[in-house]
Amino acid sequence: MPEVELGFPRTYVEFANPDDPTEVFRCDLTWLTSRWTCIFGQGCPGIYDTSPDAGCCTLGAHFADDEDAERTRAIMVQLTPEQWENHDEGHRSGWTERDDDGELKTRAFRGACIFHNSRSFPGGYGCALHGFALSNDLKPHTTKPDVCWQLPLRRQFRDVDRGDGTTYTETEIGEYTRAGWGPGGADLDWYCSSNTEAHVGPEPVYRTNRDELAAMMGEAAYAELARHCRDHEARGANTPHLADPPR
């Protein structure tokens, strides 16, 4: 299926953070009530056709900050060779590296993030950090780098001047489109959020990604978002995102 251009109209809602009146959330209801779902291992061809089995875990994950890196390291040291295919390589030669700009990230090894387990690995296909969460009754967003568990959700911040000398922080919650990656986004061979193949979820994004959204927004703000999403659905205002691609 050809990729759909994302310049179509969307519906947004804005509301103050119940826990912080100086923050206003701006949320993309069109995206959050869509039926996107991750299809890794279920037809995902990968962002590069040279590494189809790696999904979007091809280049390694950049850390948001030191806390993000330390949380990942704390899980890394608990992984066993039975859970992590590259266990010995990661401990012997390192599991992180610096990119060309000096930013810290997980190391790329043999065409994928070093935490990626191949299909033939007896311990399970896919992210070793994700697998660790599932086998230990943990939420995957507590064991993986921020960028991994947030995608393709995107959180952006900006300061807004009301015009009366006061400001507030606007936090936008929406879709991480190709454009979000900058010029490099155009080099991806496939991208899930703008392909109908990935819009086959049984429930909308705001429900299936409840834990991730609550971690990004806070529980009170998520509850308010969910109310707006339900109202949006009840009004019949939502045409499922990409369900009827423009011709």
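In the set Asp65, Asp53, Asp20, Asp49, which member is of a type in the set (Asp, Glu) and open to solvent by less than 60 Å² (accessible area, probe 1.4 Å)?
Asp20
Please name all residue pairs, on different chains or six or more residues apart, with Cβ atoms under 9 Å, provided the first residue is in region 162-173 and is open to solvent by less than 60 Å² (accessible area, probe 1.4 Å) and the second residue is in a loop (DSSP other than H, G, I, E, B).
Pairs that qualify, where the first residue is open to solvent by less than 60 Å² (accessible area, probe 1.4 Å) and the partner is in a loop (DSSP other than H, G, I, E, B), are Tyr168/Arg162.
Residue-wise test of (1) surrounded by 14 or more Cβ atoms within 10 Å (Cβ to Cβ); (2) touching a Lys or Arg at 6+ places or on another chain (Cβ under 7 Å); (3) among the β-branched types (Val, Ile, Thr).
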position	(1), (2), (3)
Asp99	no, yes, no
Gly102	no, no, no
Ala108	yes, no, no
His116	yes, no, no
Asn136	no, no, no
His141	yes, no, no
Trp190	yes, no, no
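Restricted to region 1-59, and to residues that are among the hydroxyl-bearing types (Ser, Thr, Tyr) and under 18 Å from the mean Cα position of the chain (by Cα), which residue is nearest to Tyr222 (Cα to Cα)? Before you say what the answer is, go through the steps one by one.
Start the filter on region 1-59 by keeping residues that are among the hydroxyl-bearing types (Ser, Thr, Tyr), which leaves 11-12, 22, 30, 33-34, 37, 48, 50-51, 58.
Narrowing the set further to residues that are under 18 Å from the mean Cα position of the chain (by Cα) leaves 30, 33-34, 37, 48, 58.
On the way: Thr30: 16, Thr33: 14, Ser34: 17, Thr37: 19, Tyr48: 34, Thr58: 31 Å.
By that ranking, first place goes to Thr33.
Would you please name the residue that is nearest to Thr37 (Cα to Cα), looking only at residues in region 143-161 that are in contact with a helix residue (DSSP H, G or I) (Cβ under 9 Å, 6 or more places away or on another chain), open to solvent by less than 70 Å² (accessible area, probe 1.4 Å) and in a strand (DSSP E or B)?
It comes out as Leu153.
Just to be sure, is Thr143 modelled with pLDDT under 95 and of a type outside the set (A, V, I, L, M)?
no
Tell me, which residue of region 70-80 that is of a type outside the set (S, T, N, Q) and in contact (Cβ under 8 Å) with a residue 40 or more places away in the chain is surrounded by the fewest Cβ atoms within 10 Å (Cβ to Cβ)?
Arg71
Which of the following residues is β-branched (Val, Ile, Thr) and at pLDDT 95 or above: Val4, Val77?
Val77
Within the set of pairs 6 or more residues apart or between chains, which connect a residue that is at pLDDT below 95 and surrounded by 14 or more Cβ atoms within 10 Å (Cβ to Cβ) inside region 219-246 to a residue that is outside any helix (DSSP H, G or I) and of a type in the set (D, E, K, R) with Cβ atoms less than 7 Å apart?
Every condition considered, the pairs that remain are Pro240/Arg35.
Being of a type in the set (S, T, N, Q), surrounded by 15 or more Cβ atoms within 10 Å (Cβ to Cβ), over 19 Å from the mean Cα position of the chain (by Cα) and farther than 27 Å from Met217 by Cβ is the requirement here; does Asn86 meet it?
Details: of a type in the set (S, T, N, Q): yes; surrounded by 15 or more Cβ atoms within 10 Å (Cβ to Cβ): yes; over 19 Å from the mean Cα position of the chain (by Cα): yes; farther than 27 Å from Met217 by Cβ: yes.
Here the answer is yes, as Asn86 does meet what is asked.
The values are calculated or read from the model by the stated rules, or taken from the named source; none is laboratory data. Fair warning: this is a prediction, and the values are worked out from it, not measured in the lab. Glycine gets a Cβ as well: all are built from the backbone with ideal geometry, and neighbour counts include every protein chain shown. In case anyone asks, the SASA skips ligands and DNA or RNA and just uses the protein heavy atoms, side chains included. Shrake-Rupley method; radii C 1.70, N 1.55, O 1.52, S 1.80 Å.
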